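Notes follow the structure.
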Amino acid sequence: MSSNKLQETLRMLVTANHILHFHGAVDGFGHISVRHPENPDIYIMCGYMPPALVENVDDLIEYYVDKSDPVKPDAKRGYSERFIHGEIFKRYPDVQCVVHSHAEAVLPYATSTVPMLPMYHMGGFMGKEVPVWDIVPLYDDHYQQDMLVNNERLGASLAATFSSSASSAVPEKNVVLMKRHGYTTHGKDIPTAVYRTIYTLINAGIQTNATLLQAAAKEGGLVDTASVHGLSERHARDCQKMTEATQDKSWRLWSREVEASPLYRNNV
Ligand SMILES: [Zn+2]
C-alpha cells in the first residue's frame, strides 16, 4: 500500500471506523469497507477486530472483489461477513464504500413487519420505503443458519436487493434492512456511506418515537388517528439531492469528534 491518494483513503477508512463506533452504528461487530482507489478489483477493510480499535495500516486487509479472497495469502483473520462488501462492489462498479451495521435503533424494523420510512429531510436517501432482505429462504438444510452473510451466494442475493431488476448495475436503493440481523448501506465515497449509516439509525429512532407518540396521543384523545407518514417519493428524492450537497459538514464534525476522543487512534 502506497501513494498519497491511497494513504488518504486509508486514513479516512480508519476515521470512518471510529465515527461509526462513536455514533453507535457498530460495537464489537459491524464493519465498513472501501474500494481500492487505484485498483477497482480490490477492496479494503479492517481485520477481525472491533472497529473502534482500528489504528494503522497493519489492521487492514485487502481482498479481491471477485471472490473476497485476501490479496495476501497469509493475511490475518478477517470478517466472515466480508461477502456483503465483496458482492456489492462486484455488482455495482460505482459503489466505493459499503457499511454493515446491527444498530439497535434500526433492529425493530428488521424484526417486525413495520415498514421503515424516511421520516424527515435528512432521511430522504432512504427512498419512499426501505426494502427488507431475508436470508432464511436461501438456506440449505445442512448450513449453520446463524443469519451471517458468509459466502458469495448469500452476498450476491443481498446485493441484488439494492436494485429492482436482475440486470441493473446501478443500486437504486441506498439502504437494505436484513431480517433479524441489521442493515447495509453504500456510497460513492466514505463520507456518503457513513452519512447514510448514521442517519438511517437516527431516522429509525425518530420513526419509533413518532409512532409511539401518535398512538399514545390517539389513545389519550389528543388526535384522531394513529397513522404516521414518511416523505413522499418526490420529497425523498429532492431531500437526497440536498443532503448530498451538504453532508460534508457532518463529516467534518464527526472527524473532529473522534480526533478529540482518546479512545480512537489514527496512525495511518
Ligand atoms: Zn452482521
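Summarising the amide proton neighbourhood of HIS186: residues at separation of 5 or more, or on other chains, whose placed amide H is nearer than 5 Å comprise VAL99.
Taking only protein heavy atoms and a 1.4 Å probe, what accessible area per residue, in Å², does segment 4-259 have with all protein chains in place? That works out to 47 Å² per residue. Between SER165 and GLU219, residue separation times 0.36 nm minus the direct Cα-Cα distance comes to 15.2 nm.
Between segment 86-157 and segment 227-241, what is the separation of their alpha carbon centroids in Å? So the two Cα centres are separated by 21 Å.
Using the Cβ-Cβ distance between LEU138 and ASP69 with R0 = 22 Å, the FRET efficiency computed as 1/(1 + (r/R0)^6) comes to roughly 0.55. Less than 5 angstrom separates the built amide H of ILE42 from those of HIS36, VAL65, all sequence-distant by 5 or more or on a different chain.
Scan the chain and note any complete DSSP helix (H) whose C-alpha atoms cover at least 30 Å along its axis and whose Kyte-Doolittle average is -1.0 or more. Walk me through the numbers before you get to the answer.
Details: long enough: 190-219 (44 Å, 0.35).
Span-like helices here: 190-219.
Taking a straight Cα-Cα cut-off under 20 Å and skipping sequence neighbours fewer than 8 places away in the same chain, the lysines within cross-link reach of LYS5 are LYS188. Ligands, DNA and RNA left out, the 1.4 Å accessible surface of the chain is 54% carbon and sulfur atoms. Among 174-186, 138-150, 107-119, sorting by the average number of other beta carbon atoms lying within 10 angstrom of each residue, highest first, gives 174-186, 107-119, 138-150.
Computed from backbone phi with θ = phi - 60° and the Karplus coefficients 6.51, -1.76 and 1.60, the 3J(HN,Hα) list for segment 169-180 is 9, 10, x, 6, 9, 9, 9, 10, 7, 10, 4, 6 Hz; x is used for glycine and proline. When shorter helices are ignored and each DSSP H run of at least 4 residues is given -39500 (n - 2.57), the per-residue value for the chain at 222 nm works out to -12000 deg cm²/dmol. Label separation (GLN145 vs GLU244): 4.0 nm, computed from points 7 Å beyond Cα along the C-beta direction.
The values are calculated or read from the model by the stated rules, or taken from the named source; none is laboratory data. It should be emphasised that the depicted structure is a prediction, and the values quoted were computed from it without experimental measurement. Every residue, glycine among them, receives a Cβ derived from its backbone with ideal geometry; neighbour counts consider all protein chains shown. The area values use the complete protein model at the heavy-atom level, side chains included, leaving out ligands, DNA and RNA. Shrake-Rupley method; radii C 1.70, N 1.55, O 1.52, S 1.80 Å.
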